[in-house]
1. Do the sum for the chain: with -39,500 (n - 2.57) for every DSSP H run of n ≥ 4, divided by all residues, what is the mean residue ellipticity at 222 nm, to the nearest 500 deg cm²/dmol?
2. Out of F37, A65, L26, whose Cα points farthest toward the positive end of the dipole of the range 23-78 (charges: +1 Lys, Arg; -1 Asp, Glu; placed on Cβ)?
3. Per residue and in Å³, how big is the convex hull formed by the alpha-carbon atoms of the range 23-78?
Amino acid sequence: MNAKHSPNAAEQAVSAAHAANDRAELARLYGEAADRFAAEGDVDRACFFYTHAFVHALEDGAPSAIHYERILRKYGRQ
């Protein structure tokens with residue numbers, strides 16, 4: 001696993017984004033984590049992170065909220 005995607009680096013990036021109240025970055029980071037879990041077939045864990053990505057995207061007014069909502073609906077998590 002490269003350092004960019006290590007759990008520790010991801011946790012630090014999320015912590016920094018929370019500290020900066022950077023909703024767009026939080027949506028992106030949670031979305032990336034969700035995509036990785038979805039690719040591994042862990043739908044429950046992926047949906048947990050997609051939900052966080054969706055909420056932060058909504059709070060930011062980002063168009064990516066639509067993308068995350070569609071994914072959650074696809075998995076029956078509306």
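1. Estimated from H runs of four or more residues: -24500 deg cm²/dmol.
2. Farthest towards the positive pole: A65.
3. Details: hull volume 3.1 nm³, N = 56.
Output value, Cα hull per residue: 56 Å³.
Read-outs throughout are calculated quantities, based only on the coordinates presented, and are distinct from any laboratory measurement. Predicted model only: the values in this text are computed from it and were never measured. Every residue, glycine among them, receives a Cβ derived from its backbone with ideal geometry; neighbour counts consider all protein chains shown.
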